[in-house]
1. Out of the residues in the stretch 67-84 that are at pLDDT 85 or above and hydrophobic (A, V, I, L, M, F, W, C), which is surrounded by the fewest Cβ atoms within 10 Å (Cβ to Cβ)?
2. Could you grab the pairs with beta carbons closer than 9 Å, sequence gap of 6+ or different chains, first residue in the stretch 106-118 and closer than 30 Å to GLY150 by Cα and of a type in the set (Gly, Ala, Ser), second one at pLDDT 95 or above and in a loop (DSSP other than H, G, I, E, B)?
3. Just to be sure I understand the filter: pairs with C-beta atoms under 6 Å, separated by 6 or more residues or on different chains, first member in the stretch 147-164 and over 13 Å from VAL180 (Cα atoms), second member β-branched (Val, Ile, Thr) and part of a strand (DSSP E or B). Which pairs pass?
4. On the basis of being of a type in the set (Ser, Thr, Tyr), surrounded by 15 or more Cβ atoms within 10 Å (Cβ to Cβ) and farther than 25 Å from ARG75 by Cβ, does TYR141 make the cut?
5. Report yes if some residue within the stretch 114-128 is of a type outside the set (A, V, I, L, M, F, W, C), surrounded by fewer than 16 Cβ atoms within 10 Å (Cβ to Cβ) and modelled with pLDDT under 90; otherwise report no.
6. How many of the residues in the stretch 148-175 are crowded, with 19+ Cβ neighbours inside 10 Å, part of a strand (DSSP E or B) and modelled with pLDDT of 90 or more?
7. Considering each of THR94, THR145 in turn, give the residue that is at pLDDT below 95 and of a type in the set (Ser, Thr, Tyr).
8. Please verify whether ASP102 is in contact with a Gly (Cβ under 8 Å, 6 or more places away or on another chain) and in a strand (DSSP E or B), treating the condition exactly as stated.
Amino acid sequence: MFSPAKAITASALVFALGGALLIAQPFEQQGGSVHGAATGETSGEAVPFEGVMSYGNTSVRGVPETLPNGVVQNRGQIWTLSSAGLSDPRLQGTVSNMWNWDEFKTGQPYQIEVGGFRIVNDDGAWQMRPVINIVFPDGEYSVWTGIFDGEDAYEGLTAIAEVTEDNGFTVRGVVIEGDVPSPPESMSTE
């Protein structure tokens, strides 16, 4: 049975926990996140860019392995592209193209890839958030949209780009200050 002392102790714990949660709540970001956003006001501009990131002196790492079920897996595959021939000079530099993939050979052969790019130059870098890509049985690649977070001199900037692969990567997108909008709350997996 609860004694008055236990009831007071339990009430104090509930009050302390509730108070801690109320204090912490204002520090959570509401609405859109500002991952890597610069301090101060944003310009409100979306600066367009386009171009082709081409294969060149390509170095490939990663060793495919065939599993007992016939699926071919490759982990840690990295290509170094010859250039990031993009119209915005901030997006020029050395490009690493990093992927893990599974190739399903039974029935129609599909390849499912997860990975992305990293662009590095003298002023900073752009790290792409992982994306999913499908290689269809006819050899066509899905079109995907990538989000690149700026680092160093590009801290607080985000590049959003549509990427199509065909003997290189055709890219078109925009650079913005701040981050992309967060997904609707109803889509949250948390």
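The values are calculated or read from the model by the stated rules, or taken from the named source; none is laboratory data. Keep in mind it's a predicted model, so treat the numbers as computed, not measured. Glycine gets a Cβ as well: all are built from the backbone with ideal geometry, and neighbour counts include every protein chain shown.
1. Of all residues in the stretch 67-84, those at pLDDT 85 or above come to 67-78.
Checking the rest, the ones that are also hydrophobic (A, V, I, L, M, F, W, C) come to 67, 71-72, 78.
Working: LEU67: 9, VAL71: 14, VAL72: 15, ILE78: 15.
Checking each candidate, the answer is LEU67.
2. GLY115/PRO130; GLY116/ARG129; GLY116/PRO130
3. GLU162/THR145; VAL163/VAL171; THR164/THR170
4. Values: of a type in the set (Ser, Thr, Tyr): yes; surrounded by 15 or more Cβ atoms within 10 Å (Cβ to Cβ): yes; farther than 25 Å from ARG75 by Cβ: no.
So TYR141 fails the test.
5. Looking for residues that are of a type outside the set (A, V, I, L, M, F, W, C), surrounded by fewer than 16 Cβ atoms within 10 Å (Cβ to Cβ) and modelled with pLDDT under 90, one finds none in the stretch 114-128, hence no.
6. Residues flagged as crowded, with 19+ Cβ neighbours inside 10 Å, part of a strand (DSSP E or B) and modelled with pLDDT of 90 or more within the stretch 148-175 amount to 10.
7. Details: THR145 fails: at pLDDT below 95.
One residue alone meets the criteria, THR94.
8. Values: in contact with a Gly (Cβ under 8 Å, 6 or more places away or on another chain): no; in a strand (DSSP E or B): yes.
For ASP102, the condition - in contact with a Gly (Cβ under 8 Å, 6 or more places away or on another chain) and in a strand (DSSP E or B) - is not met.
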